[in-house]
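Below is one structure; the comments refer to it alone.
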Amino acid sequence: MTLPWQDAHVDGLARQLQSVRDVGAGNSVVEVDFGAGMTALGKGTRVLDLRPRKRGIVPADGPVRWEALDALPQLLTVEWAGPDRGIVEAVAARPNIKFLYWFDAEGDIDLSSTRVGTVRLDGLNMRSIRLPRSIESLSLGRAPAHFDVQPPRPTVSRTLRVDAPDGGHRLDLRMFHYDADVVIPEGVRRASSLWLWLSGQVSASVLLGLCDMETLRLSFDRPPGAITDLAGLRTLTALCRLQLDEAYGLTVEELPDLPALRALELNGTRRVTAHAVKARYRGSAVSVNVSGAKTDQWLSLHMDNPFRDWVHDSKAFGRAACAAYDRARRSADAIGADDPQRLALAEEVLRGLVADLNAIENKYHLIDTHNRETAGDAFHDLAHRLGVASVDAHRWFDGGRNF
């Protein structure tokens, strides 16, 4: 199963491969200066990371020399972070740029003058978004709890305004890192495809009135993976494909009849649920695909374990990872809230988890991009529960892992 937050990592691999192709294919090199000094890039560069940072190709603050983009005529994808600083105007002036990934965006963002087709925006302080007629796919995100800084900043407003042409008709909409309070913005409620990545529970009432929706995917990253008020799905009269990931709290009997439904997919479910779904739709026009069905006994032991699905790669590998996390969690729970050595003990627990995962990777060689993301999320969530600052957690995780 591929989740929305993995897109950036897939893109990262694509960037590396593209860089190799640019050089290996005899792509000519050009010297460009975005304001942070000269840097060499392949003239055929198609994906460019322009996020301002220390040692980045764009200065962390101050003016940006956007005219440097003119040296890259094949550029398709741009990554940006923080305030605008001219990024929208630069993209609008170059219609060849079709993909914009903007992290930590803030304020009012007007992309209506651009030609972008795919936009990914996340940020804690976005107020409004205007999309161009060329838009095909929009991803909206907000920071997961375990990445909060101290003190925590406000999350994305429930009243985020999004204006899309034709109310988002034919739009592929993706919203991730959301809790049960998710709200579909009015300006995109005609989207034909919706992917929500949620915590542990959501009410189907948030989907009321999405009459143009043909494809719906709900992905839960925490137990119980429950959908309440399932009767609300009846309003999705055009829904022909429904996919549920890690929905262990699904009650098949409460699923309403959906006249347009033709495909139902469950990734991660209870074994009894899998049997009930197959029995209900046997002989109907609905094709059913189930993977990752688990017994109630297994779930009683591992429901709260973030590595529970690693058993699909290898039972021994998954069991070892689950055991490593259980040890770390028990050790973390044993640390007293007022223990003067709490930070040192927390570091020992967290570094111990990384060491265990290193040993597991050395033995099984199965921690791929997806599993590495899962490991990172589990590590940072545990660090957050222990009160460890995000900067320290990142340093301990990235500095200690060999996967």
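The values are calculated or read from the model by the stated rules, or taken from the named source; none is laboratory data. Here the structure is a predicted model, which means the values were calculated and not measured. Virtual Cβ from ideal backbone geometry, glycine too; neighbours counted across all protein chains shown. To get the accessible areas, we keep the full protein, side chains included, count just its heavy atoms, and leave off ligands, DNA and RNA. Shrake-Rupley method; radii C 1.70, N 1.55, O 1.52, S 1.80 Å.
Observations on the structure shown:
- Built amide H within the under 5 Å cut-off of A293, gap 5+: G268, T269
- Between M303 and T369, the C-beta separation translates, for a Förster distance of 22 Å, into a calculated FRET efficiency of about 0.35.
- Whole-Å semi-axes of the ellipsoid equivalent to segment 248-403 (Cα gyration tensor, √5λ, descending): 37, 17, 14
- Over segment 288-351, the hull volume per residue, using the convex hull of the C-alpha atoms, is 103 Å³.
- By a 1.4 Å probe calculation restricted to protein chains, D309 has an accessible surface near 40 Å², given to the nearest 10.
- For segment 317-367 versus segment 376-403, the inter-centroid distance based on Cα atoms is 11 Å.
- S112 exposes around 50 Å² of accessible area when a 1.4 Å probe is run over every protein chain in place.
- Computed over the chain, the ratio Rg/Rh where both radii use C-alpha atoms and Rh is Kirkwood: 0.98
- Radius, Kirkwood style, for segment 276-320 when every pair of distinct Cα atoms is counted (Å): 12.4 Å
- The solvent-accessible area of Y281, taken with every protein chain present and a 1.4 Å probe, is close to 30 Å².
- Carbon and sulfur %, accessible surface of the chain computed with the full protein complex present, 1.4 Å: 50 percent
- When the Gaussian network model of the chain links Cα atoms closer than 10 Å, the mean-square fluctuations of Q243, Q341, Q74 top out at Q341.
- Shown are L244, L366, L41, whose ranking by accessible area with a 1.4 Å probe and every protein chain present, most to least, is L366, L41, L244.
- Where Rh is the Kirkwood radius over Cα pairs, Rg/Rh for segment 168-313: 0.96
- Taking all protein chains together, M303, M38 sort by accessible area into M38, M303, largest first [probe 1.4 Å].
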